[in-house]
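Here the structure comes first, spelled out in C-alpha coordinates, and everything after it is commentary.
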Ligand code: HEC
(Lines give C-alpha, C1' and ligand atoms only; values in the text may rest on other atoms or scores of the structure.)
Protein backbone atom coordinates (compact mmCIF):
# COMPACT_ATOMS: atom_id res chain seq x y z
CA UNK A 1 0.00 0.00 0.00
CA UNK A 2 2.66 2.56 1.03
CA UNK A 3 4.69 1.61 -2.02
CA UNK A 4 1.85 2.63 -4.26
CA UNK A 5 1.51 5.90 -2.44
CA UNK A 6 5.16 6.73 -2.89
CA UNK A 7 4.96 5.94 -6.59
CA UNK A 8 1.97 8.23 -6.97
CA UNK A 9 3.68 11.06 -5.15
CA UNK A 10 6.56 11.25 -7.65
CA UNK A 11 4.60 12.76 -10.55
CA UNK A 12 2.80 14.98 -8.08
CA UNK A 13 6.13 16.24 -6.81
CA UNK A 14 7.39 16.89 -10.33
CA UNK A 15 4.32 18.98 -11.02
CA UNK A 16 4.62 20.83 -7.73
CA UNK A 17 8.26 21.86 -8.11
CA UNK A 18 7.35 23.60 -11.37
CA UNK A 19 5.73 26.29 -9.24
CA UNK A 20 8.96 27.19 -7.45
CA UNK A 21 9.88 30.47 -9.13
CA UNK A 22 13.21 30.91 -10.92
CA UNK A 23 14.57 34.43 -11.00
CA UNK A 24 15.32 35.33 -14.61
CA UNK A 25 15.10 39.08 -14.13
CA UNK A 26 17.97 41.25 -15.32
CA UNK A 27 18.90 44.87 -14.69
CA UNK A 28 18.60 47.49 -17.43
CA UNK A 29 21.67 47.34 -19.67
CA UNK A 30 23.36 50.49 -20.93
CA UNK A 31 24.29 49.82 -24.56
CA UNK A 32 27.48 51.87 -24.21
CA UNK A 33 28.66 49.61 -21.37
CA UNK A 34 28.42 46.43 -23.41
CA UNK A 35 31.48 44.71 -24.81
CA UNK A 36 30.15 45.03 -28.37
CA UNK A 37 29.56 48.79 -28.28
CA UNK A 38 32.38 49.91 -26.02
CA UNK A 39 35.00 47.96 -27.97
CA UNK A 40 33.34 48.45 -31.34
CA UNK A 41 33.50 44.72 -32.01
CA UNK A 42 33.43 43.69 -35.71
CA UNK A 43 30.31 41.94 -36.98
CA UNK A 44 31.84 38.51 -37.59
CA UNK A 45 33.11 38.33 -33.99
CA UNK A 46 29.71 39.50 -32.71
CA UNK A 47 28.07 36.67 -34.58
CA UNK A 48 30.33 33.98 -33.13
CA UNK A 49 30.01 35.37 -29.61
CA UNK A 50 26.23 35.68 -29.87
CA UNK A 51 26.05 31.99 -30.65
CA UNK A 52 28.72 30.77 -28.27
CA UNK A 53 29.10 33.06 -25.25
CA UNK A 54 26.29 35.48 -24.58
CA UNK A 55 23.70 33.13 -23.08
CA UNK A 56 25.98 32.71 -20.06
CA UNK A 57 28.17 35.81 -20.05
CA UNK A 58 25.66 38.61 -20.52
CA UNK A 59 22.20 39.72 -19.45
CA UNK A 60 21.11 38.93 -22.98
CA UNK A 61 20.16 35.29 -22.38
CA UNK A 62 17.87 33.37 -24.70
CA UNK A 63 15.99 30.72 -22.77
CA UNK A 64 15.06 27.54 -24.67
CA UNK A 65 11.79 25.78 -23.78
CA UNK A 66 13.44 23.13 -21.59
CA UNK A 67 14.99 25.84 -19.48
CA UNK A 68 11.56 26.41 -17.97
CA UNK A 69 11.26 22.88 -16.63
CA UNK A 70 12.44 22.13 -13.12
CA UNK A 71 14.91 20.81 -12.14
CA UNK A 72 16.71 21.64 -15.44
CA UNK A 73 15.75 25.28 -14.92
CA UNK A 74 17.55 25.42 -11.57
CA UNK A 75 20.69 23.86 -12.95
CA UNK A 76 20.78 26.22 -15.95
CA UNK A 77 20.12 29.33 -13.89
CA UNK A 78 23.00 28.35 -11.64
CA UNK A 79 25.32 28.09 -14.63
CA UNK A 80 24.19 31.39 -16.05
CA UNK A 81 24.63 33.15 -12.73
CA UNK A 82 28.08 31.70 -12.32
CA UNK A 83 29.04 32.61 -15.87
CA UNK A 84 27.90 36.21 -15.41
CA UNK A 85 29.64 36.47 -12.09
CA UNK A 86 32.98 35.57 -13.67
CA UNK A 87 32.53 37.60 -16.80
CA UNK A 88 29.61 39.74 -17.90
CA UNK A 89 29.85 41.33 -21.32
CA UNK A 90 26.80 43.51 -20.57
CA UNK A 91 28.75 45.51 -17.98
CA UNK A 92 32.16 45.33 -19.66
CA UNK A 93 32.85 49.09 -19.60
CA UNK A 94 32.29 49.02 -15.84
CA UNK A 95 35.38 46.86 -15.30
CA UNK A 96 38.56 48.83 -14.76
CA UNK A 97 41.29 48.70 -17.42
CA UNK A 98 43.38 46.11 -15.60
CA UNK A 99 40.46 43.83 -15.04
CA UNK A 100 39.46 44.08 -18.68
CA UNK A 101 42.98 43.23 -19.73
CA UNK A 102 43.04 40.22 -17.46
CA UNK A 103 39.66 39.03 -18.72
CA UNK A 104 40.84 39.37 -22.32
CA UNK A 105 43.85 37.25 -21.48
CA UNK A 106 41.56 34.60 -19.98
CA UNK A 107 39.19 34.78 -22.95
CA UNK A 108 42.07 34.25 -25.34
CA UNK A 109 43.23 31.22 -23.32
CA UNK A 110 39.83 29.63 -22.73
CA UNK A 111 38.93 29.83 -26.39
CA UNK A 112 42.30 28.56 -27.61
CA UNK A 113 42.28 25.64 -25.21
CA UNK A 114 38.71 24.75 -26.13
CA UNK A 115 37.48 25.22 -22.54
CA UNK A 116 34.79 27.68 -23.61
CA UNK A 117 31.97 27.42 -24.50
CA UNK A 118 31.30 24.69 -21.93
CA UNK A 119 30.72 21.20 -23.33
CA UNK A 120 27.41 20.91 -21.52
CA UNK A 121 26.26 23.89 -23.58
CA UNK A 122 27.42 22.71 -26.99
CA UNK A 123 25.57 19.40 -26.58
CA UNK A 124 22.31 21.29 -26.87
CA UNK A 125 23.54 24.23 -29.00
CA UNK A 126 25.18 22.96 -32.16
CA UNK A 127 25.63 26.55 -33.41
CA UNK A 128 27.96 27.14 -30.45
CA UNK A 129 30.40 24.41 -31.50
CA UNK A 130 33.35 26.43 -32.74
CA UNK A 131 35.47 25.44 -35.69
CA UNK A 132 39.22 25.86 -35.45
CA UNK A 133 38.89 28.88 -37.70
CA UNK A 134 36.35 30.51 -35.39
CA UNK A 135 38.54 29.81 -32.36
CA UNK A 136 41.51 31.40 -34.07
CA UNK A 137 39.44 34.41 -35.06
CA UNK A 138 38.20 35.00 -31.50
CA UNK A 139 41.59 34.39 -29.91
CA UNK A 140 43.41 36.75 -32.24
CA UNK A 141 40.73 39.41 -31.84
CA UNK A 142 40.87 39.18 -28.04
CA UNK A 143 44.63 39.45 -27.98
CA UNK A 144 44.55 42.38 -30.42
CA UNK A 145 42.33 44.27 -27.95
CA UNK A 146 44.88 43.63 -25.21
CA UNK A 147 47.62 45.18 -27.28
CA UNK A 148 45.48 48.26 -27.85
CA UNK A 149 44.91 48.75 -24.16
CA UNK A 150 48.66 49.19 -23.64
CA UNK A 151 51.30 47.57 -21.43
CA UNK A 152 50.59 49.93 -18.50
CA UNK A 153 47.39 48.01 -17.89
CA UNK A 154 49.00 44.61 -17.86
CA UNK A 155 49.93 43.42 -14.42
CA UNK A 156 51.16 40.19 -12.95
CA UNK A 157 48.58 37.45 -13.32
CA UNK A 158 48.77 36.32 -9.68
CA UNK A 159 48.13 39.83 -8.46
CA UNK A 160 44.99 40.25 -10.53
CA UNK A 161 43.69 36.79 -9.73
CA UNK A 162 43.77 37.68 -6.06
CA UNK A 163 41.86 40.87 -6.72
CA UNK A 164 39.28 39.10 -8.85
CA UNK A 165 38.66 36.61 -6.10
CA UNK A 166 38.10 39.46 -3.68
CA UNK A 167 35.68 41.16 -5.99
CA UNK A 168 33.81 37.93 -6.61
CA UNK A 169 33.57 37.25 -2.89
CA UNK A 170 32.02 40.62 -2.28
CA UNK A 171 29.42 40.19 -5.00
CA UNK A 172 25.81 39.81 -4.00
CA UNK A 173 25.71 36.14 -4.85
CA UNK A 174 25.45 33.40 -2.33
CA UNK A 175 26.41 29.85 -3.10
C1 LIG B 1 26.96 27.37 -20.64
C2 LIG B 1 27.41 28.62 -20.18
C3 LIG B 1 28.68 29.22 -20.75
C4 LIG B 1 29.00 29.51 -22.06
C5 LIG B 1 28.13 29.30 -23.27
C6 LIG B 1 30.30 30.14 -22.04
N7 LIG B 1 30.76 30.20 -20.75
FE8 LIG B 1 32.53 31.04 -20.15
N9 LIG B 1 32.12 30.44 -18.22
C10 LIG B 1 30.98 29.81 -17.78
C11 LIG B 1 31.09 29.51 -16.36
C12 LIG B 1 30.03 28.80 -15.52
C13 LIG B 1 32.37 29.99 -15.95
C14 LIG B 1 32.98 29.93 -14.57
C15 LIG B 1 33.43 28.57 -14.18
C16 LIG B 1 34.48 28.00 -15.08
O17 LIG B 1 35.52 28.62 -15.30
O18 LIG B 1 34.26 26.87 -15.57
C19 LIG B 1 32.99 30.57 -17.14
C20 LIG B 1 34.24 31.16 -17.17
C21 LIG B 1 34.77 31.84 -18.24
C22 LIG B 1 36.02 32.59 -18.21
C23 LIG B 1 36.90 32.79 -16.99
C24 LIG B 1 36.56 34.13 -16.41
C25 LIG B 1 37.36 34.46 -15.17
O26 LIG B 1 38.23 35.31 -15.26
O27 LIG B 1 37.07 33.90 -14.12
C28 LIG B 1 36.19 33.12 -19.46
C29 LIG B 1 37.32 34.02 -19.91
C30 LIG B 1 35.08 32.68 -20.28
N31 LIG B 1 34.23 31.90 -19.51
C32 LIG B 1 34.91 33.01 -21.62
C33 LIG B 1 33.90 32.50 -22.42
C34 LIG B 1 33.80 32.76 -23.85
C35 LIG B 1 34.77 33.66 -24.63
C36 LIG B 1 32.72 32.08 -24.30
C37 LIG B 1 32.25 31.95 -25.72
C38 LIG B 1 33.21 31.50 -26.69
C39 LIG B 1 32.13 31.40 -23.14
N40 LIG B 1 32.87 31.69 -22.04
C41 LIG B 1 30.97 30.62 -23.18
C42 LIG B 1 29.88 29.51 -18.56
C43 LIG B 1 29.81 29.64 -19.93
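The values are calculated or read from the model by the stated rules, or taken from the named source; none is laboratory data. As the structure is a prediction and not an experimental result, all values here were calculated from the model. No Cβ is skipped: glycine too gets one built from the backbone with ideal geometry, and neighbour counts run over all protein chains shown.
Residue-by-condition table, conditions (1) at pLDDT 95 or above; (2) buried (at least 18 other Cβ atoms within 10 Å of the Cβ); (3) within 10 Å of the ligand (Cβ to nearest atom):
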position: 50; (1), (2), (3): yes, no, yes
position: 53; (1), (2), (3): yes, yes, yes
position: 56; (1), (2), (3): yes, yes, yes
position: 59; (1), (2), (3): yes, no, no
position: 71; (1), (2), (3): no, no, no
position: 83; (1), (2), (3): yes, yes, yes
position: 86; (1), (2), (3): yes, no, yes
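Please identify the pairs in which a residue from the range 132-150 that is closer than 14 Å to residue 44 by Cβ has its Cβ atom under 9 Å from the Cβ atom of a residue that is modelled with pLDDT under 95 and in a loop (DSSP other than H, G, I, E, B), counting only partners at least 6 apart or on another chain.
Matching pairs, first to second residue: none at all.
Taking the range 9-43, which residues are within 22 Å of residue 140 (Cα to Cα) and in contact with a helix residue (DSSP H, G or I) (Cβ under 7 Å, 6 or more places away or on another chain)?
Pass one, the range 9-43, residues within 22 Å of residue 140 (Cα to Cα): 34-43.
Matches in the range 9-43: 34, 35, 36, 37, 38, 39, 41.
So residue 96 fits all but one of (1) more than 18 Å from residue 49 (Cβ to Cβ); (2) within 11 Å of the ligand (Cβ to nearest atom); what number is the exception?
(2)
Of the conditions (1) assigned to a helix (DSSP H, G or I); (2) under 30 Å from residue 13 (Cβ atoms); (3) at pLDDT 95 or above, residue 142 satisfies every one except a single condition; which number is it?
(2)
Looking only at the range 24-48, filter to residues that are over 19 Å from residue 130 (Cα atoms) and under 16 Å from the mean Cα position of the chain (by Cα); which one of those is nearest to the ligand (Cβ to nearest atom)? I'd like the intermediate steps shown before the answer.
Within the range 24-48, the first condition is being over 19 Å from residue 130 (Cα atoms), and the residues that meet it are 24-40.
After this cut, where a residue has to be under 16 Å from the mean Cα position of the chain (by Cα) as well, the list is 24-27, 29, 34-36.
Details: 24: 15, 25: 19, 26: 16, 27: 19, 29: 18, 34: 14, 35: 10, 36: 13 Å.
Among residues in the range 24-48 that are over 19 Å from residue 130 (Cα atoms) and under 16 Å from the mean Cα position of the chain (by Cα), the one nearest to the ligand (Cβ to nearest atom) is 35.
Quick one: which residue in 75, 2, 92 is under 29 Å from residue 134 (Cα atoms) and surrounded by fewer than 17 Cβ atoms within 10 Å (Cβ to Cβ)?
Working: 2 fails: under 29 Å from residue 134 (Cα atoms); 92 fails: surrounded by fewer than 17 Cβ atoms within 10 Å (Cβ to Cβ).
On inspection, the qualifying residue turns out to be 75.
Please verify whether residue 160 is modelled with pLDDT under 95, over 16 Å from the mean Cα position of the chain (by Cα) and surrounded by fewer than 18 Cβ atoms within 10 Å (Cβ to Cβ), treating the condition exactly as stated. Before the answer, list the steps.
Values: modelled with pLDDT under 95: yes; over 16 Å from the mean Cα position of the chain (by Cα): yes; surrounded by fewer than 18 Cβ atoms within 10 Å (Cβ to Cβ): no.
For residue 160, the condition - modelled with pLDDT under 95, over 16 Å from the mean Cα position of the chain (by Cα) and surrounded by fewer than 18 Cβ atoms within 10 Å (Cβ to Cβ) - is not met.
Can you tell me which of (1) near the ligand (Cβ under 7 Å from one of its atoms); (2) touching a residue at least 60 places away in the same chain (Cβ under 8 Å) is the one residue 125 doesn't meet?
Just one mismatch for residue 125, condition (1).
Among the residues of the range 128-155, count how many are closer than 26 Å to residue 76 by Cβ, more than 17 Å from the chain's Cα centre (by Cα) and more than 10 Å from the ligand (Cβ to nearest atom).
Within the range 128-155, residues that are closer than 26 Å to residue 76 by Cβ, more than 17 Å from the chain's Cα centre (by Cα) and more than 10 Å from the ligand (Cβ to nearest atom) number 1.
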